[in-house]
Amino acid sequence: MSGVAPAPREPSRAQLARYGALQFALSFVALPLYVFLPAYYGAEHGVPLGLLGLLLLGARLADALVDPALGRLADRMLARRRAWGLIAAASLVSLAGFAVLMGIAGWLSGGLDATVFAAAFVTALWLAQAGATAAGVAHQAWGAALAGGEADRVRVFAWREALGLGGVLAAAAATQFGGATVFTLGFALSLGVTLALLRGVELPPVFAPRAHAIGGLRAVVEPLRHPAFRSLLATYVSSGVAASIPATLVLFFVRDRIGAAQWSGAYLLLYFAGAAAGVPLWLRAVARFGAAPTWLFGIGATVCSFAWAAALQPGQRGAYAALCAVCGLALGSDLIVPPALLAGLIRSLGHDGRLEGAYFGLWSFAAKLTLALAAGVALPLLGVLGYHPGTPATGPLPPLVVAYALLPCGLKVLSGWMLWRGWMRPAARDPGFLLDSTRRNA
């Protein structure tokens, strides 16, 4: 363990706020890309769900494939203390792609050729996502070194995600009161402000060039050699798919099951406001019970609350509003605990200051995979089962309700079992579980 750097000092609140501010901008654009986009093109502009699902799947898979390489680029820039430049350049690429993506919808009314539209859509979406990913991976790797202990690591990511929730709330308000133009202008403005704030954050000395560096292809695949990382990643993927499916379908559910399309933005505001309000509670839970038990409890709370969505009937607008608030409270553990667990694992394996980007690159790849699967499977499946956007989903359990509520609950249960069996139980039986692969490779 001679290569492990000393733990950095506890960051101040001012540092945490300046660091986390960038997530406001990145989260502001995430809601339009992953929630607003399917309904925007599928319902408002008549793009068939099957085609839309395939386009989203293709673009997101192509984006995900470059994430490990972006992680290694982030490591190099962090070591050279050029992380801010990478983040700024990547953010501008994302802004350009996003602006085109929001603008080409108007071309459809002019009779744009389907092939040209598909090519422009996929290219713009890929640029928007890849740019945001490069900025996000470097940002997460930076944050992984800002604190040493578990509680401090959770604080770092809690600030990041809390400010990110502020961006989501702003985007949800734009959904309710604005549209594509407001999204684009909001993203541009928030990027300018938050990049200026981030530039003042001191990069910890842990990112000075280190001996025994791991380079080349080995650096990209090194995280996968460790069973603790594979276990954590598998749990994260299962939980992420469970969250991505309702995120993809929420606007369809609100319009065609609840019958309250005009309140979709308000429901999103309630949901993410609940998540922001719950962050301090989850921080206290982590301090008292530990990170992994807190995440397991959060998974259980999500299942218990979200299962209620399957019982909602058309017109139950108030009940759905209450559901959004309760489910939002449960969301906080999913946001702040997994990246903090990963940051702790990186340090336990002695890879801090060398491979943060590689780990978070694979982490981002997994997150993209969950989003791609949600769009590429759920949307075409609903089309095959006969669901048409704009058609009321009536009856006890129509396909939209099963896909939106019951399927995610089943996947959440699976992720809770995986967290217990693959991470918590081995760690409880053998405190050296996190270091097993390090010993073998020493």
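The values are calculated or read from the model by the stated rules, or taken from the named source; none is laboratory data. Quick caveat: nothing in here was measured; it's all calculated off a predicted structure. Quick reminder, even Gly has a Cβ in these numbers, built from the backbone with ideal geometry, and neighbours come from all protein chains shown. Only protein heavy atoms, including side chains, enter the accessible area calculation; ligands, DNA and RNA are left aside. Shrake-Rupley method; radii C 1.70, N 1.55, O 1.52, S 1.80 Å.
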With respect to ASP352, determine if the residue is of a type in the set (D, E, K, R), over 23 Å from GLY274 (Cα atoms) and crowded, with 22+ Cβ neighbours inside 10 Å.
-> yes
Test: residue in region 18-41 that is at pLDDT 75 or above, outside any loop (DSSP other than H, G, I, E, B) and more than 30 Å from LEU251 (Cβ to Cβ) | yes
Could you please let me know if ALA228 is part of a helix (DSSP H, G or I), under 30 Å from ALA17 (Cα atoms) and modelled with pLDDT of 85 or more?
-> no
Is region 247-260 home to any residue that is open to solvent by 20 Å² or more (accessible area, probe 1.4 Å) and free of Cβ contacts under 8 Å to residues at least 60 places away in the same chain?
-> no
Within region 364-378, can one find any residue that is hydroxyl-bearing (Ser, Thr, Tyr), modelled with pLDDT of 85 or more and part of a helix (DSSP H, G or I)?
-> no
Would region 380-393 turn up any residue that is in contact (Cβ under 8 Å) with a residue 60 or more places away in the chain, in a helix (DSSP H, G or I) and under 17 Å from the mean Cα position of the chain (by Cα)?
-> no
Tell me which residues, restricted to region 292-338, are open to solvent by 10 Å² or more (accessible area, probe 1.4 Å), touching a residue at least 24 places away in the same chain (Cβ under 8 Å) and outside any helix (DSSP H, G or I).
-> PRO314, GLY315, GLN316
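Yes or no: region 93-111 includes at least one residue that is at pLDDT 80 or above, in contact with a Gly (Cβ under 7 Å, 6 or more places away or on another chain) and among the aliphatic types (A, V, I, L, M).
yes
Kindly provide the set of residues from region 275-291 that are within 23 Å of the chain's Cα centre (by Cα) and either buried (at least 21 other Cβ atoms within 10 Å of the Cβ) or of a type in the set (A, V, I, L, M, F, W, C) (or both), ordered by number. Write out each step before concluding.
Taking region 275-291 and keeping what is within 23 Å of the chain's Cα centre (by Cα), we get 275-286, 290-291.
Once the filter is applied, which keeps residues that are within 23 Å of the chain's Cα centre (by Cα) and either buried (at least 21 other Cβ atoms within 10 Å of the Cβ) or of a type in the set (A, V, I, L, M, F, W, C) (or both), region 275-291 yields ALA275, ALA276, ALA277, GLY278, VAL279, LEU281, TRP282, LEU283, ALA285, VAL286, ALA291.
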Every residue from region 60-84 that is assigned to a helix (DSSP H, G or I) and either of a type in the set (Asp, Glu) or open to solvent by 40 Å² or more (accessible area, probe 1.4 Å) (or both) = LEU61, ALA62, ASP63, LEU65, ASP67, ALA69, LEU73, ASP75, ARG76, TRP84
Within region 378-422, the residues that are of a type in the set (A, V, I, L, M, F, W, C), open to solvent by 20 Å² or more (accessible area, probe 1.4 Å) and either within 26 Å of ALA301 (Cβ to Cβ) or touching a strand residue (DSSP E or B) at 6+ places or on another chain (Cβ under 9 Å) (or both) are LEU397, VAL402, LEU406, LEU407, LEU411, VAL413, LEU414, TRP417, MET418, TRP420
Mind checking which residues of region 297-342 are of a type in the set (Val, Ile, Thr) and over 23 Å from TRP263 (Cα atoms)?
-> ILE299, VAL303, ILE336, VAL337
Look at VAL286 and say whether it is under 28 Å from LEU33 (Cβ atoms), aliphatic (A, V, I, L, M) and part of a helix (DSSP H, G or I).
-> no
Condition test on ARG218, is it surrounded by fewer than 17 Cβ atoms within 10 Å (Cβ to Cβ), at pLDDT below 75 and of a type outside the set (Asp, Glu)?
-> yes
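Conditions (1) crowded, with 24+ Cβ neighbours inside 10 Å; (2) over 20 Å from the mean Cα position of the chain (by Cα), marked per residue:
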{"site": "ALA118", "(1), (2)": "no, yes"}
{"site": "TRP126", "(1), (2)": "no, no"}
{"site": "ALA130", "(1), (2)": "no, no"}
{"site": "GLN140", "(1), (2)": "yes, no"}
{"site": "VAL156", "(1), (2)": "yes, no"}
{"site": "TRP159", "(1), (2)": "yes, no"}
Does region 398-406 contain at least one residue that is hydroxyl-bearing (Ser, Thr, Tyr) and at pLDDT below 75?
-> no
